[in-house]
Amino acid sequence: MLFDCMPVTRFEQNCSILACERTNKAAVIDPGGDLELIENLLELQDLSLEVILVTHGHMDHAGGAAALAARTGARIEGPHQREAHLIDKLPEQGARFGLKAQRYVPYRWLDDGDRVRFGDEELQVLHCPGHTRGHVAYFSAASRLAFVGDILFRHTIGAWEHADGDLVTLVHSIRDKLFPLGDDVRFVPGHGEMSSFGHEREANPFVGDAAAAKWPARMQGAPGCSIGTSGS
Ligand SMILES: [Zn+2]
Ligand SMILES: [Zn+2]
């Protein structure tokens, strides 16, 4: 799988472009804006855009999805349906920050365990609430690469101090859904530098293994959460 990443909008949101080397079919993850940059890159690499994937409904990630779909004919998949109220409010979100953001209805909403395909490539979908309720991550098992939006960053974690956020749920998503994918898995966060899950287990002051060992009991209360148990 070919892979490229570029910051878009003044929020420097990481838009990823993935391509199947055999068919030249591409997927774009989180086209928040600056669509001409994304389209130039697709054209330069002679790629045909098959699917637009969205991690969550914040405008810097989802704001350009509808326009890119209209311009290319690609379908939009995701995020999880619990994000619908944010996708509906994209124009209002954008207006607040001076960005052009359009609402859309996806070809399909995604759920935990779903697969998305472009060319001969396949990505696994993980529902990872906590930053927002319907946030999803995408994982290429073949390339050992994950695209995690605003769930996890190098040495920090996503914001949770807003109406749709919840800290315990966010930590559960990171520790019990993302980290088990493997220490070797590299990930593209929604903003900033790439990292790996192994590095974050070692060095992340919020969700690393050392932090998890010291958590109070309340952090272990999320449903299905194994935080604090050894070896997870
Ligand atoms: Zn966000
Ligand atoms: Zn963001």
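Checked against (1) farther than 17 Å from residue 158 by Cβ; (2) among the hydroxyl-bearing types (Ser, Thr, Tyr); (3) surrounded by 19 or more Cβ atoms within 10 Å (Cβ to Cβ), residue 55 passes all but a single condition, namely (1). Closer than 18 Å to residue 112 by Cα and within 13 Å of ligand 2 (Cβ to nearest atom), is that true of residue 151? Against the criterion (closer than 18 Å to residue 112 by Cα and within 13 Å of ligand 2 (Cβ to nearest atom)), residue 151 qualifies. Considered as a group, the residues in the stretch 138-160 that are aliphatic (A, V, I, L, M), more than 13 Å from ligand 1 (Cβ to nearest atom) and touching a residue at least 60 places away in the same chain (Cβ under 8 Å) include one that is farthest from residue 208 (Cα to Cα), and that residue is 142. Does residue 49 satisfy being out of contact with any Leu (no Cβ under 8 Å at 6 or more places or on another chain) and free of Cβ contacts under 8 Å to residues at least 60 places away in the same chain? Spelling it out, it is not the case that residue 49 is out of contact with any Leu (no Cβ under 8 Å at 6 or more places or on another chain) and free of Cβ contacts under 8 Å to residues at least 60 places away in the same chain. Restricting attention to the stretch 201-210, does a residue exist that is crowded, with 21+ Cβ neighbours inside 10 Å, more than 11 Å from the chain's Cα centre (by Cα) and not basic (Lys, Arg)? Yes, the stretch 201-210 contains at least one residue that is crowded, with 21+ Cβ neighbours inside 10 Å, more than 11 Å from the chain's Cα centre (by Cα) and not basic (Lys, Arg). The sole residue among 119, 134 that is more than 23 Å from residue 7 (Cβ to Cβ) and crowded, with 24+ Cβ neighbours inside 10 Å is 134.
Does any residue of the stretch 82-101 turn out to be surrounded by fewer than 24 Cβ atoms within 10 Å (Cβ to Cβ) and either touching a strand residue (DSSP E or B) at 6+ places or on another chain (Cβ under 8 Å) or of a type in the set (Val, Ile, Thr) (or both)? No, there is no match, as no residue in the stretch 82-101 is surrounded by fewer than 24 Cβ atoms within 10 Å (Cβ to Cβ) and either touching a strand residue (DSSP E or B) at 6+ places or on another chain (Cβ under 8 Å) or of a type in the set (Val, Ile, Thr) (or both). Scanning the stretch 52-96 for residues that are at positive phi and more than 19 Å from the chain's Cα centre (by Cα) yields a count of 1.
The single condition from (1) among the acidic types (Asp, Glu); (2) surrounded by fewer than 24 Cβ atoms within 10 Å (Cβ to Cβ); (3) not in a loop (DSSP other than H, G, I, E, B) that residue 60 fails is (2). Can you name the residue in the stretch 182-200 that is in a helix (DSSP H, G or I) and surrounded by fewer than 19 Cβ atoms within 10 Å (Cβ to Cβ) and is also nearest to ligand 2 (Cβ to nearest atom) among such residues? Going through the qualifying residues, I end up with 199.
Read-outs throughout are calculated quantities, based only on the coordinates presented, and are distinct from any laboratory measurement. Predicted, not measured: the structure shown is a model, and the values here were computed from it. Positions of Cβ are generated from backbone atoms using ideal geometry, with glycine treated the same way; all protein chains shown enter the neighbour counts.
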